[in-house]
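Since the structure comes first, as structure tokens, the remarks are kept for the end.
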Amino acid sequence: VTIEEIQEIQELTMALELALLPLALPRLSKDDMRLLRALSEELDKGSRSPETVIEFYRVLFQPAGRPQMLRIIENMIWRTVRFFPVMQSIRTDFRRVSPTREAMIATFEAGDVEEAKRVLHAFHQVRVDALVSAIREGR
């Protein structure tokens, strides 16, 4: 696992996610939001399986109608499986780190695309920064 690889994956997935969010957000149903909340709770309780993470992003971005872009995001998640042990070691640090996954979902529900994009980016960035820091510290 290299820091450069982590940063490249982050840059690629953020570009795709920020492009998909404005297309998906208006099409998310109340059932989609309930499912996102349920998956979020599962992830916050400790399930960091790639399948659960992928399902979260599939529910979020499938309504955008861009299956190729979603496939690339899913592929990038599979590439991060090697990072999961490091992420597990620092996961408890994220329970109160802002923005939380719950806050992110709340911005999706509010429907403000620009704010949702800002929060989505911040959500990922704080976690990538922590992962890079943990790797530098040799965790």
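Report whether or not ALA106 is open to solvent by less than 20 Å² (accessible area, probe 1.4 Å), part of a helix (DSSP H, G or I), small (Gly, Ala, Ser) and at pLDDT 85 or above.
Working: open to solvent by less than 20 Å² (accessible area, probe 1.4 Å): no; part of a helix (DSSP H, G or I): yes; small (Gly, Ala, Ser): yes; at pLDDT 85 or above: yes.
So ALA106 does not fit the description; no.
Could you list, in sequence order, all residues of the range 109-139 that are part of a helix (DSSP H, G or I) and farther than 26 Å from ARG82 by Cα?
GLU109, ALA110, VAL113, GLU114, GLU115, ALA116, LYS117, ARG118
Restricting attention to the range 17-54, and to residues there that are touching a residue at least 40 places away in the same chain (Cβ under 8 Å) and not in a helix (DSSP H, G or I), which single residue is nearest to ALA103 (Cα to Cα)?
Selected residue: LEU28.
Among the residues in the range 59-74, are any touching a residue at least 40 places away in the same chain (Cβ under 8 Å) and closer than 17 Å to ALA130 by Cα?
No.
Given (1) open to solvent by 80 Å² or more (accessible area, probe 1.4 Å); (2) of a type outside the set (Val, Ile, Thr); (3) at pLDDT 90 or above; (4) closer than 19 Å to VAL126 by Cβ, where does ARG27 come up short, assuming only one miss?
For ARG27, the failing item is (4).
Which numbered condition in (1) at pLDDT below 90; (2) out of contact with any helix residue (DSSP H, G or I) (no Cβ under 9 Å at 6 or more places or on another chain); (3) among the hydrophobic types (A, V, I, L, M, F, W, C) is the only one that ILE90 fails?
Here ILE90 meets the rest and fails (2).
The values are calculated or read from the model by the stated rules, or taken from the named source; none is laboratory data. These numbers were taken from a predicted model, which means no experiment stands behind them. Neighbour counts are summed over all protein chains in view; Cβ atoms, including those assigned to glycine, are modelled from backbone coordinates with ideal geometry. The protein model used for the area step is the full one, side chains on, heavy atoms only, and it has no ligands, DNA or RNA in it. Shrake-Rupley method; radii C 1.70, N 1.55, O 1.52, S 1.80 Å.
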